[in-house]
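Every read-out reported here was derived from the displayed coordinates using simple, explicitly stated rules and does not represent laboratory data. The shown structure was predicted, so the numbers you read here are calculated from the model rather than taken from an experiment. Here the Cβ positions follow ideal geometry from the backbone for every residue, glycine too, while neighbour counts run over all protein chains shown.
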Amino acid sequence: MRIKHMVATAVCMAAMGSFAVADGHGGKVKVGMITTLSGGGAGLGIDVRDGFLLATKGNDMIETVIEDDQRKPDIAVGLADKLIQSEKVDVLTGIIWSNLAMAVVPSATAQDKFYLSPNAGPSALAGRGCSPNYFNVSWQNDAFSEAAGAYLSNEGVGKVFLMAPNYPAGQDMMAGFKRFFKGEVTEEVYTTLGQTDYAAEIAQIRASDADQVYFFLPGGMGISFMKQYAGSGVDKPVAGPAFSFDQGILGAIGEAALGVKNTAHWSKDLDVPGNAEFVEAFQAEYGRLPSLYAAQGYDTGLLLVSAAAKADVSDADAFRAALKEADFQSVRGEFAFGDNHHPIQTVYMREVVKEGDIVTNKVIGVAATNHTDVYGADCKM
């Protein structure tokens, strides 16, 4: 395990070069990570945290203070105030949920702090609400669903039942799907965030004449729905973005998810430089397979290290330029920022399969190449 850490750190440091010295924290870049570590969705925040810490392990230029937002906007805002005003952090990161991001990010960037998003990508922050100090390292919320809408159209799916939680990410993802789907949406249902009983929605699906169910229910919501759906006897095929079918979630759903197709920018079997080494190092460090969230946390850490190698964080213009350059080897392959500081990347279609005793994902095709979001035209930076 220790050797694996040394290899991962050595690879990362070799790729990034020598490190610049920042002022204000004894030569460190001080990072405030606000993420969900308890309650519903804690697995997502734990994976982002662990991926980020693996990427920055052994780098004494990065100091990270970690806080649990408990998936509550008011707590997240209070933690951000504390980290900015008392801890004097240079960079914030970690938020999983779009409603929390909308509560924290505009205030943080207005105070001249950098925010690197390892997950949430609300449309409001990609368009008119964009900021020179905000960089999204994951995706804009619509992305995976846009790619899925195009893919399912090409597969000949005619009618679809849509379902998502009623909060910014859910609304964005359904909008993205409809933007690229050429068929008919028979129903569009919005559930309560954190809901665990889907009997009423499954009854609606049963009564629907849709050919396909497409849903976004991250974390425990997706686990609850898939278990109940598998036991319901409804046989309409299911698809969605990766957030309901990622590695940590599949461990809880089990074989009920087999055959489900889902879109993602990353998979553990993706054949790109650095990905196999990341998967091996993560397993050695934490004793489990990495998830999409872990990969995003890892890439966020690599981005930060790459910027710290090129510029002093106290020189905001130089540090911002170093972040925009994105000079790191992403474990998802090619990666670049668009003009609104959101990713330009490939989105893949995966299928849930069983490998030995493990239920996991396998890449089966490309859903979109050089994908970027539609909101950048409204971003004036």
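Among the GluC sites (Glu not before Pro) in region 293-381, which ones are in a DSSP loop with at most 16 other Cβ atoms within 10 Å of the Cβ? Mind listing them? Could you put the intermediate results ahead of the total?
On the way: sites: 325, 334, 351, 355; in loops: 334.
Within region 293-381, the qualifying GluC sites (Glu not before Pro) (loop, at most 16 other Cβ atoms within 10 Å) are 334.
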Degrees separating the helix 316-325 axis from the principal Cα axis of the chain, which is the longest one:
50 degrees
J(HN,Hα) series, region 289-300, from Karplus relation 6.51 cos²θ - 1.76 cosθ + 1.60, nearest Hz, glycine and proline x:
6, x, 9, 4, 5, 5, 4, 5, x, 5, 4, 4
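Let me check I've understood the local charge: for residue 190, count other residues with C-beta under 13 angstrom from its C-beta, Lys and Arg +1, Asp and Glu -1. What total comes out?
On the way: positive: none; negative: 172, 187, 188, 201.
Once positives and negatives cancel, what remains is -4.
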Check residue 66: other-chain or 5+ apart residues with amide H under 5 Å from its amide H, H built from backbone geometry?
33
Give me the percent relative contact order of the chain, please, defined on Cα pairs under 8 angstrom at least 6 residues apart.
20 percent
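For a test of the definition: using alpha carbon positions, the gyration tensor, and the 1.5 limit on a/c, classify region 116-167 as rounded, prolate or oblate. Write out the running numbers ahead of the final one.
Numbers: a/c = 2.98, a/b = 2.27, b/c = 1.32.
The shape class here is prolate.
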Helix 168-180 vs. the chain, principal-axis angle (Cα, 0 to 90°, nearest 10)
60 degrees
Angle, helix 143-154 long axis vs. longest principal axis of the chain, Cα atoms, 0 to 90°, nearest 10?
30 degrees
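Using a ≥ b ≥ c from the Cα gyration tensor of the chain (square roots of the eigenvalues), is it rounded, prolate or oblate, where a/c under 1.5 gives rounded and otherwise the larger of a/b and b/c decides, a/b for prolate?
Values: a/c = 1.78, a/b = 1.54, b/c = 1.15.
Since a/c reaches 1.5 and a/b is larger than b/c, the shape of the chain is classed as prolate.
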Burial-style ranking of 301-312, 152-163, average other-beta-carbon count within 10 Å with highest first, yields 301-312, 152-163
Find the centroid of the Cα atoms in region 38-63 and in region 100-155, then give the distance between the two in whole Å.
19 Å
Among all lysine pairs in region 186-328 that are eight or more places apart or on different chains, how many have alpha carbons less than 20 angstrom apart?
4
Would you compute, for the Cα atoms of region 186-320, the largest minus smallest coordinate along each principal axis and list the three values in descending order, in whole Å?
59, 33, 23
Using θ = phi - 60° and the Karplus relation 6.51 cos²θ - 1.76 cosθ + 1.60, list the HN-Hα couplings for region 48-61 in order, rounded to whole Hz, with x at every Gly or Pro.
4, 4, 5, x, 4, 5, 5, 5, 9, 4, x, 9, 7, 7
Label zone at residue 57, where the point sits 7 Å out along the Cα-to-Cβ direction: region 27-50 residues whose backbone N lies under 15 Å:
47-50
Excluding residues fewer than 8 positions from residue 88 in its own chain, the lysines with Cα under 20 Å of it are 28, 30, 113
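So, by mean Cβ neighbours within 10 angstrom, what's the order for 30-43, 138-151 with the highest one leading?
Working: 30-43: 22.4, 138-151: 27.5.
Top of the packing list down: 138-151, 30-43.
Output the relative contact order of region 136-193, whole-number percent, from Cα pairs under 8 angstrom with separation of 6+ residues. Walk me through the numbers before you get to the answer.
On the way: 88 pairs, mean separation 26.6, N = 58.
Across region 136-193, relative contact order equals 46 percent.
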